[in-house]
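Below is one structure, written out as structure tokens; comments come after it.
Since every read-out is calculated from the coordinates, none of them should be taken as a lab result. All figures in this text were calculated on a predicted structure; none of them were measured in a lab. Note that we place each Cβ from the backbone using ideal geometry, even for glycine, and neighbour counts take in every protein chain shown.
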Amino acid sequence: MQPKTKVELYAAIRRDSRAGLSIRAIQSKHNVGFRTVEKALASVWPEPRKSLPPRPSRLDPFKPLIDQMLRADLDAPPKQRHTARRIFDRLVEENDATEISYGIVRVYVAKRRPQIRLEAGRASAEVFIEQSQPRPARNVLGQQLTARAVQGLLTHAQHVGHPAAPRVGRSPAAVQDTGHQRLVQRPGGHRQSVM
């Protein structure tokens, strides 16, 4: 079985080296070069990947002009603000920007417009707050519950203040007290006796 990750490959190379295989045999077994085998024997962890420098964009010479238009839009009325289409058209007309596409301009404007509003103090930073909702309780006992189990669940739900507890005007199950027993009105008009 071939190793899936580089860490697993390095571990397999070290294991084969301890087993007595030669470097050439390890190279052919794992289909790697001499330098990879040397690196694997020298270090347990592979070197992290080198990050490439950001590739220059055709839009780079026009970014200051777009930023200037977006800053001017901060004081303009909403109907007079530049759309991404209008910014693209102005770049083509005024600056002969024929080597850029509308899609590049649209993506840059969508990313840059909120940043400029934030820099100017016109917007607040967006923060994501995760809200977890409790899962609804499941019927672990199956679909059929005994009368005592139903009574225990109702009593527990009322005690804890569970949202499914029978309450006036809110619950799907209306509870009636008839002296020695309680009747629970189920959806569909069925009544169930609860002791």
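Return only the number of the condition from (1) surrounded by fewer than 12 Cβ atoms within 10 Å (Cβ to Cβ); (2) of a type in the set (S, T, Y); (3) within 25 Å of the chain's Cα centre (by Cα) that T83 does not satisfy.
Only one criterion is unmet by T83, namely (3).
Quick one: which of I100, I26, I66, I104 is β-branched (V, I, T), surrounded by 10 or more Cβ atoms within 10 Å (Cβ to Cβ) and closer than 30 Å to A11 by Cβ?
Exactly one of I100, I26, I66, I104 is β-branched (V, I, T), surrounded by 10 or more Cβ atoms within 10 Å (Cβ to Cβ) and closer than 30 Å to A11 by Cβ, namely I26.
Which count do you get for residues in the range 76-108 that are outside any loop (DSSP other than H, G, I, E, B), of a type outside the set (S, T, N, Q) and free of Cβ contacts under 8 Å to residues at least 12 places away in the same chain?
Total meeting the criteria: 9.
With respect to the numbered conditions (1) in a loop (DSSP other than H, G, I, E, B); (2) without any contact (Cβ under 8 Å) to a residue 12 or more places away in the chain; (3) under 30 Å from L118 (Cα atoms), which one is the sole condition not fulfilled by E47?
(3)
Being under 37 Å from the mean Cα position of the chain (by Cα) and not in a helix (DSSP H, G or I) is the filter; apply it to the range 1-23 and report the residue that is surrounded by the fewest Cβ atoms within 10 Å (Cβ to Cβ). Before the answer, list the steps.
As a first pass, look at the range 1-23 and keep what is under 37 Å from the mean Cα position of the chain (by Cα): 1-13.
Next, only the ones that are not in a helix (DSSP H, G or I) stay: 1-5.
Working: M1: 5, Q2: 9, P3: 13, K4: 8, T5: 9.
Per the stated criteria, the residue is M1.
Yes or no: R58 of a type in the set (K, R), under 20 Å from A110 (Cβ atoms) and either touching a Phe, Trp or Tyr at 6+ places or on another chain (Cβ under 8 Å) or surrounded by 11 or more Cβ atoms within 10 Å (Cβ to Cβ) (or both)?
Judged against the criteria, R58 is a match.
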